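Notes follow the structure.
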Amino acid sequence: MLRTHAQKSTCWKRWRKAFDAVMNLLCQEEIKRNFSNLDYENPASTLHELFQKKIIMEVRYEFSEYHDENGNPIWNCKAFLEGYGDFFADNVSKKQAKQDVSLKVLHFITDTVIKKSDK
C-alpha cells in the first residue's frame with residue numbers, strides 16, 4: 001500500500017510521540033532507582049558518588065569560621081551545586097557542618113528530582 005507524504009508524516013509523528021512517552025517513563029524509573037536507595041548516613045560521600053556517576057554536578061564547599069557570644073568557634077559551610085543553588089549550615093565541628101549542609105543538598109535534590117519525574 002502506497003502512502004502519501006502526509007500519511008507518512010502523520011505516522012512518523014505518532015510513532016515519535018509513543019517513543020518519547022516510553023523513553024520518558026524509562027527515564028523516570030531510572031531517576032527513581034538512582035535516588036531510592038541513597039545513604040543518608042554520610043551525605044557528603046553520597047553526593048560525591050552521584051557526581052562520579054554523572055548524575056549531578058560536583059558539589060563545591062566553602063568554609064568560614066566565626067565565634068558565638070561566648071567566644072566558641074562556629075563553622076559555617078556553604079555548598080554550591082550548579083543548577084540547584086547555594087545551601088548553608090553551621091556547626092561547632094567543621095566536618096559536621098559539611099555533613100549538615102550535604103544533607104540539606106541531598107534532601108533538596110531528591111525532593112526536586114522525584115517530584116519532577118512524577119509529572
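When region 81-104 is examined, which residues are found to be among the aromatic types (F, W, Y), part of a strand (DSSP E or B) and surrounded by 15 or more Cβ atoms within 10 Å (Cβ to Cβ)? Break it down stepwise before answering.
Filtering region 81-104 down to residues among the aromatic types (F, W, Y) leaves 84, 87-88.
Remaining after also requiring part of a strand (DSSP E or B): 87-88.
Hit for region 81-104 is F87, nothing else.
Out of K119, K53, K78, K115, report the one residue that is open to solvent by 30 Å² or more (accessible area, probe 1.4 Å) and at pLDDT 95 or above. It would help to see each step written out before you state the result.
Working: K119 fails: at pLDDT 95 or above; K53 fails: at pLDDT 95 or above; K115 fails: at pLDDT 95 or above.
K78 is the lone residue from the list that is open to solvent by 30 Å² or more (accessible area, probe 1.4 Å) and at pLDDT 95 or above.
So is L38 assigned to a helix (DSSP H, G or I), in contact with a Ser or Thr (Cβ under 6 Å, 6 or more places away or on another chain), open to solvent by less than 40 Å² (accessible area, probe 1.4 Å) and modelled with pLDDT under 95 or not? Reasoning before the result, please.
Values: assigned to a helix (DSSP H, G or I): no; in contact with a Ser or Thr (Cβ under 6 Å, 6 or more places away or on another chain): yes; open to solvent by less than 40 Å² (accessible area, probe 1.4 Å): yes; modelled with pLDDT under 95: yes.
Judged against the criteria, L38 is not a match.
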- [ ] Can you tell me which residue within region 56-75, out of those that are over 11 Å from the mean Cα position of the chain (by Cα) and of a type in the set (D, E), is least open to solvent (accessible area, probe 1.4 Å)?
- [x] D68
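The values are calculated or read from the model by the stated rules, or taken from the named source; none is laboratory data. Model, not experiment: these values are computed from the prediction. Neighbour counts are summed over all protein chains in view; Cβ atoms, including those assigned to glycine, are modelled from backbone coordinates with ideal geometry. Note: areas computed on protein heavy atoms with side chains; ligands, DNA, RNA excluded. Shrake-Rupley method; radii C 1.70, N 1.55, O 1.52, S 1.80 Å.
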